[in-house]
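J.: Supplied in structure tokens, the structure appears directly below.
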Amino acid sequence: MSDPISCSPLFKLSPELRIKIYSHLLTFPNPIHLRQHVRGTPHTALLRTNRQIHSEARAVLYDLNTISLSRNDFCLNTDPVLQTPVQTQHVRHLRFTSFGESLACNFLLERCAVCRDDARGLLGVLVGMPVLRSGTIDYSTQIANFMRFRQLAADEGGRSTTGGLTVTCGRVGMYRVRGAGMDQVDLTFAHRPLASMWPDLATLSRSSLSDSEEETALARLRAQDPDVPDKLWLVLWAAQHGLSAAVLGEQAAGAWVEESELASMDGEQRDAALHRFTVVLQTFLKAHTAVQCRRYLNALRESVGV
Ligand SMILES: [Zn+2]
């Protein structure tokens, strides 16, 4: 008896057309968690239709999407049953939702190589992924961990003559990793809430908005993140009105850096300035609530009569 799936009209199409169909069905706007199916879509059932479709469609799924993973998925002390069923040899783009160690290594006194602060084991795993081209690691919930990693890389980089790891702050809240075999991979560590909100808010702060336009723009950003926009808006508003010291404190306000100043700096100065400013903003985000920042902004506005 012939296999009804092999007789499917799908196999009467050219391979190119089949790939187009898979691409249409299996492209997702956000990073995907590989499980039995991708939540919210029936289309991943396609992967379980038969062996040939699985093989063709899997390649499309991995090529066109960002795969969401964590250190838990590579941890040497974690039971594979608790790890994402990922075929790392096919992953082109990945996102780590956290820089935290695995649950097992958080519990054990001795961490595995992948979960240690220097992240050498983790970078080794990434270097070993043959088609990996880009990766983003969100460190916003493990700022201290990431800062230790950055410091260790800086110490090591200073000593090493070849293959030294460099971690460079290229934008507010965003660091790029180079060296140590990572040159084929665009690897970024990001404080995601800060890195994603800062550019939009900084642009807004430079436009002359009416009160209602300002409120509409902030409401749109609050819908994406209820916490960060009001905090950063206070910082930006204060800078526009010469009140940074009243918001950040005298010393931290000195870390403020203008785009025009950055343009005239060399790479090392730029990295140092952006890193210093990122640390100030990260500290500010942790220290205050959005409600406090809104209240303080209103008080400052009244005090200067704006
Ligand atoms: Zn581990």
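The values are calculated or read from the model by the stated rules, or taken from the named source; none is laboratory data. Source: prediction; values computed, not measured. Please note: Cβ atoms are built from the backbone with ideal geometry, for glycine as well, and neighbour counts cover all protein chains shown. With ligands, DNA and RNA removed, areas are computed over all heavy atoms of the protein, side chains included. Shrake-Rupley method; radii C 1.70, N 1.55, O 1.52, S 1.80 Å.
J.: Identify the single condition in (1) surrounded by 16 or more Cβ atoms within 10 Å (Cβ to Cβ); (2) over 21 Å from Val131 (Cβ atoms) that Tyr22 does not satisfy, given that it satisfies every other one.
T.: Going through the list (1) surrounded by 16 or more Cβ atoms within 10 Å (Cβ to Cβ); (2) over 21 Å from Val131 (Cβ atoms), Tyr22 breaks only (2).
J.: Is it the case that some residue within segment 96-112 is closer than 19 Å to Arg176 by Cα, among the hydroxyl-bearing types (Ser, Thr, Tyr) and in the same structural domain as Met182 (by TED's automatic domain parsing)? Steps first, answer last, please.
T.: Going through segment 96-112, the residues closer than 19 Å to Arg176 by Cα turn out to be 96-100.
Restricting the remaining residues to those that are among the hydroxyl-bearing types (Ser, Thr, Tyr) gives 97-98.
The next check asks that each one be in the same structural domain as Met182 (by TED's automatic domain parsing); those that pass are 97-98.
Within segment 96-112 (the criterion being closer than 19 Å to Arg176 by Cα, among the hydroxyl-bearing types (Ser, Thr, Tyr) and in the same structural domain as Met182 (by TED's automatic domain parsing)), the answer is yes, since at least one residue qualifies.
J.: Given the conditions (1) within 11 Å of the ligand (Cβ to nearest atom); (2) under 17 Å from Phe149 (Cβ atoms), report the number of the one that Asn77 does not fulfil.
T.: (2)
J.: Name, by its number, the condition in (1) part of a loop (DSSP other than H, G, I, E, B); (2) within 16 Å of the ligand (Cβ to nearest atom); (3) touching a Lys or Arg at 6+ places or on another chain (Cβ under 6 Å) that does not hold for Cys105.
T.: (1)
J.: Anything in segment 132-145 that is away from the ligand (no atom under 16 Å from the Cβ), open to solvent by less than 40 Å² (accessible area, probe 1.4 Å) and closer than 18 Å to Phe74 by Cα? List them, or say none.
T.: Selection gives Leu132, Ser134, Gly135, Asp138, Tyr139.
J.: Another question, then. Looking at the structure I just gave you, is Asp230 among the charged types (D, E, K, R) and either at pLDDT below 90 or in the same structural domain as Ala290 (by TED's automatic domain parsing) (or both)?
T.: Yes.
J.: Does Gly135 qualify as being farther than 26 Å from Val257 by Cβ and either assigned to a helix (DSSP H, G or I) or at pLDDT 90 or above (or both)? Don't jump to the end; show me each part of the working.
T.: Values: farther than 26 Å from Val257 by Cβ: yes; either assigned to a helix (DSSP H, G or I) or at pLDDT 90 or above (or both): yes.
Judged against the criteria, Gly135 is a match.
Matching residues to (1) free of Cβ contacts under 8 Å to residues at least 60 places away in the same chain; (2) in contact with a Gly (Cβ under 8 Å, 6 or more places away or on another chain); (3) among the polar types (S, T, N, Q); (4) more than 16 Å from the ligand (Cβ to nearest atom):
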| residue | (1), (2), (3), (4) |
| --- | --- |
| Thr44 | yes, no, yes, yes |
| Ser55 | yes, no, yes, yes |
| Val60 | yes, no, no, yes |
| Val81 | yes, no, no, no |
| Phe99 | no, no, no, no |
| Cys112 | yes, yes, no, no |
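J.: Which residue, of Arg35, Arg95, is more than 16 Å from the ligand (Cβ to nearest atom), open to solvent by 30 Å² or more (accessible area, probe 1.4 Å) and at pLDDT 85 or above? Full working, then the answer.
T.: On the way: Arg35 fails: at pLDDT 85 or above.
The conditions single out Arg95.
J.: Go through segment 157-211 residue by residue and tally those that are hydroxyl-bearing (Ser, Thr, Tyr), at pLDDT 90 or above and more than 27 Å from Arg92 (Cα to Cα).
T.: Within segment 157-211, the first condition is being hydroxyl-bearing (Ser, Thr, Tyr), and the residues that meet it are 160-162, 166, 168, 175, 188, 196, 203, 205, 207-208, 210.
Adding the requirement that they be at pLDDT 90 or above leaves 168, 175, 188, 196, 203, 205.
Now restrict to residues that are more than 27 Å from Arg92 (Cα to Cα): 203, 205.
Of the residues in segment 157-211, 2 are hydroxyl-bearing (Ser, Thr, Tyr), at pLDDT 90 or above and more than 27 Å from Arg92 (Cα to Cα).
J.: Another question, if that's okay. Just give me the residues in segment 264-306 being among the charged types (D, E, K, R) and open to solvent by 50 Å² or more (accessible area, probe 1.4 Å), in sequence order.
T.: Within segment 264-306, Asp266, Glu268, Arg270, Arg276, Lys286, Arg294, Arg295, Glu302 qualify.
J.: In addition: Give segment 62-74 a look and list any residue that's buried (at least 16 other Cβ atoms within 10 Å of the Cβ) and more than 13 Å from the ligand (Cβ to nearest atom), or say none.
T.: Quick first cut of segment 62-74, residues buried (at least 16 other Cβ atoms within 10 Å of the Cβ) only: 62-63, 65-74.
Selection gives Tyr62, Asp63, Asn65, Thr66, Ile67, Ser68, Leu69.
J.: Then there is this: Which one is surrounded by the fewest Cβ atoms within 10 Å (Cβ to Cβ), of the residues in segment 108-121 that are of a type outside the set (D, E, K, R) and modelled with pLDDT under 90? Before you say what the answer is, go through the steps one by one.
T.: Taking segment 108-121 as the starting set, the residues that turn out to be of a type outside the set (D, E, K, R) are 108-109, 112-115, 119, 121.
Filter once more, keeping what is modelled with pLDDT under 90: 108-109, 119, 121.
Numbers: Leu108: 13, Leu109: 5, Ala119: 27, Gly121: 17.
For segment 108-121, the residue satisfying everything is Leu109.
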